[in-house]
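Heads up, the thing below is written out as structure tokens.
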Amino acid sequence: MLKDFFLLAARSITHRKMRSWLTVIGVFIGITAVVALISIGLGLERTIEEQVAKVFGVDTFMIMHEDTFGPQRHGGDPDEFTLDLAFLRSIDGVKVAAAVRERTGFIQGPPGNDGVSTQGFLPVMGLSPEMRTEFESFFGTLEVQAGGRLFGEGEELVAILGDEVVERLHASVGDTLVIAGDTDAELSFTIVGVLAPSEEDESDGGGFSGGMGPSQDTIYIPFETMDLLWGPAEDVLITLVRTEPGKDVDEVADRAEKALKARGSEVTAVTYTDITDTIGTMTSTISAFLAGIAGISLLVGGVGVMNTMFTSVLERTKEIGVMKAVGAKNSHVLTIFLIESGLMGLVGGIVGTLFGLGLSAVASSFIGRFFNVDLIVVASPTLIIITLLGSFFLGAFAGLWPARRAAKLPVVDALRYE
Amino acid sequence: MPLLDLKGITKEYKLGKTIVRALRGLDLNIEEGEIIAIMGPSGSGKSTLMHILGALDTPTGGTAILDGQDLQQLKERQLVTLRGKRIGFVFQTFNLIQTLSAQQNVELPMIFQGIRKGERARRAKELLSKVGLADRVRHRPNELSGGERQRVAIARALANDPEIILADEPTGNLDSESGAPILALLKKLSTDDGRTVIIVTHDPDATAIADRIVRLRDGCVVEEVRNA
Ligand SMILES: Nc1ncnc2c1ncn2[C@@H]1O[C@H](COP(=O)(O)OP(=O)(O)OP(=O)(O)O)[C@@H](O)[C@H]1O
Ligand SMILES: [Mg+2]
């Protein structure tokens, strides 16, 4: 019987093609907007997740100051925290740990031709060599110009200088440089390398290392050497930890966080899951908000359906009377009209989904080109099914009032209607 | 016991402050298998009476008994069943659904009774050939002549094999040439199938086929004539 009702409803829709199409357009514009926005949002989320995964790897977690990561704060310079790197390395499940700390040091360059050396304050960054060897994808590539080298594990009084520093100090590879720290200590460092001029920062797409990567106005020395100048690390910016194979990264991260906190470090351990969750919440909030705005156009589409259905009921008053006179129940009439309006919603939904996905593909390629990433286009079956069901019910809902009016028409009045 | 037994039927309509009395204490008995012509001037209440007989409307007062059942006591659901199964209505203006073919129009009452498609189609074709339209099943109403449309409407009225056929001026929109086969058809429904047929008509031809002629005026039966 329901199938016959579908046919009856479809007849009536196709009978007044023009008006039906106009009604459908009203729905389809709204659906297009909603589908496009949601699908772009999903694509964005998926893309970011993939980028994060590429940079991060699933066996890695970060340790940051507890205020740095979280909903209250995004971007900006990270807060510094205290860290006992050796202790962290001793925690069960930790395979490699590398950290970065930063201070401003008083620097004395090598003596120039006139015997006078350039002096000044410059940022000094203590860097675990593992940061480069193990976490290159995260930290960015650290490359030195020809003639120099990077420092490795176990080295102490060696330094790599940024391009700008070399220029200001008139130094070159092999020269000696003096750094003064807080502890009245003054140490001489051998310059072993000069940073290669960085290419365009964004070009490698590793946007996640932003700000943490090599900087040309900084002096890099081994992480542990910093202790000799400034004492135990209280100025760590970030720590990266790789877990042993087979260990649950979230578990190890949890353990590390608790152990470090117990020692007074105000840190939080951030895993891949934490980051993607945060990004997920962010992007879905944004896309829900945008889709909500687009939903207003759906409302307009719904009102359009309602209007058309009222006209349809009015036009077919006599027909309704006839159907009832030959034995239609009120519920039959109601169903037929609900199906009719639902079908208009559904057709709008089908067209809208197609256009919406198309629009999202086009928009994604534009956005992708603009930000120089390959945006993933998401045509999720769930989204499509929900949209189609939703558009049918939107139509049916909009038709509810007119359909009820049709169903309640007294037979005789309907038959007498001219 | 008569099939239909009307006693003191009144029907009033409120139009603003004035009350229109369409029926004013109408008494009428109709026996099973009878064919009856109802006549009367315009506004005398013929259509109103037909609507009450067809369970499409309820009287304001009086009692209407169909086959022992008091129509006023019936629930809406039972009235729906009544007009779906036991009563077939034929209208002056045919009232076919324009978007449906002749066959689909005939199938419509069966759809509401939940009859399966195959059975429906078979019966619709059978009925259409019974009214002489075997070669018109796929035609839309606007592709048929007035007489053909009314024959489709009669086939539709017969869809669920009702005992009572109510025809409100079935030839009113037809010339006598196309009206005659309609009347013949209605006559056959009574004589051959034993159905009760009630026809509202101004058509002198119709009075010839009726067993009984009932005249209305101002909402009352003023004359009943039995045809010889
Ligand atoms: N819904 C209504 N509201 C108010 N008055 C009505 C309504 N239906 C019928 N009437 C009145 O009831 C009276 C009887 O109407 P009815 O249609 O039964 O007449 P009829 O005998 O069928 O006339 P005709 O031969 O013109 O079809 C008329 O005066 C009409 O105006
Ligand atoms: Mg009338």
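The values are calculated or read from the model by the stated rules, or taken from the named source; none is laboratory data. Bear in mind that the values here come from a model prediction, so they are computed numbers and not experimental data. Neighbour counts are summed over all protein chains in view; Cβ atoms, including those assigned to glycine, are modelled from backbone coordinates with ideal geometry.
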- Item | Members of the range B:5-19 found to be within 16 Å of ligand 2 (Cβ to nearest atom) and surrounded by fewer than 20 Cβ atoms within 10 Å (Cβ to Cβ), listed by number | B:13
- Message: I need a count of the residues in the range A:350-367 that are surrounded by fewer than 17 Cβ atoms within 10 Å (Cβ to Cβ) and at pLDDT below 90.
- Response: 3
- Query: Which members of the range B:162-185 meet the condition of being more than 16 Å from ligand 1 (Cβ to nearest atom) and touching a Lys or Arg at 6+ places or on another chain (Cβ under 8 Å)?
  - Reply: B:162, B:163, B:164, B:165, B:181, B:182, B:185
- Message: Residue under question is residue B:58, and the condition is that it be within 13 Å of chain A (Cβ to nearest Cβ), touching a residue at least 60 places away in the same chain (Cβ under 8 Å) and of a type in the set (Ser, Thr, Tyr); does it hold?
- Response: no
- Message: One residue is enough: does the range B:180-193 have a residue meeting the conditions in contact (Cβ under 8 Å) with a residue 60 or more places away in the chain, under 21 Å from residue B:9 (Cα atoms) and surrounded by 16 or more Cβ atoms within 10 Å (Cβ to Cβ)?
- Response: no
- Message: I need a count of the residues in the range B:20-34 that are away from ligand 2 (no atom under 11 Å from the Cβ) and either buried (at least 18 other Cβ atoms within 10 Å of the Cβ) or within 14 Å of chain A (Cβ to nearest Cβ) (or both).
- Response: 6
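Let's see how each residue does on (1) over 21 Å from residue A:113 (Cβ atoms); (2) surrounded by 14 or more Cβ atoms within 10 Å (Cβ to Cβ):
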site: A:149; (1), (2): yes, no
site: A:155; (1), (2): yes, yes
site: A:168; (1), (2): no, yes
site: A:173; (1), (2): no, yes
site: A:180; (1), (2): yes, yes
site: A:186; (1), (2): yes, no
site: A:191; (1), (2): no, yes
- Message: Being under 21 Å from residue A:340 (Cα atoms) and among the β-branched types (Val, Ile, Thr): is that true of residue A:38 here?
- Response: no
- Message: Among the residues that make up the range B:55-73, is at least one of them within 16 Å of ligand 2 (Cβ to nearest atom) and surrounded by 15 or more Cβ atoms within 10 Å (Cβ to Cβ)?
- Response: yes
- Exactly one of A:405, A:369, A:416 is within 14 Å of another protein chain (Cβ to nearest Cβ) and among the charged types (D, E, K, R), and that one is A:416
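Yes/no per residue for (1) within 15 Å of ligand 1 (Cβ to nearest atom); (2) under 17 Å from the mean Cα position of the chain (by Cα):
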site	(1), (2)
B:8	no, no
B:12	yes, no
B:34	no, yes
B:51	yes, yes
B:54	yes, yes
B:69	no, no
- Task: Just name the residue that is farthest from ligand 2 (Cβ to nearest atom) out of those in the range B:143-162 that are over 14 Å from residue A:326 (Cα atoms) and surrounded by fewer than 23 Cβ atoms within 10 Å (Cβ to Cβ).
- Result: B:143
- Some residue of the range B:35-42 being surrounded by fewer than 22 Cβ atoms within 10 Å (Cβ to Cβ), outside any strand (DSSP E or B) and within 14 Å of chain A (Cβ to nearest Cβ): no
- Message: Which residue is farthest from residue B:113 (Cα to Cα), if the candidates are limited to the range B:190-207 and must be of a type outside the set (D, E, K, R) and modelled with pLDDT of 95 or more?
- Response: B:200
- Item | Failed item, numbered, when residue A:252 is tested on (1) under 27 Å from residue A:152 (Cβ atoms); (2) within 21 Å of the chain's Cα centre (by Cα) | (2)
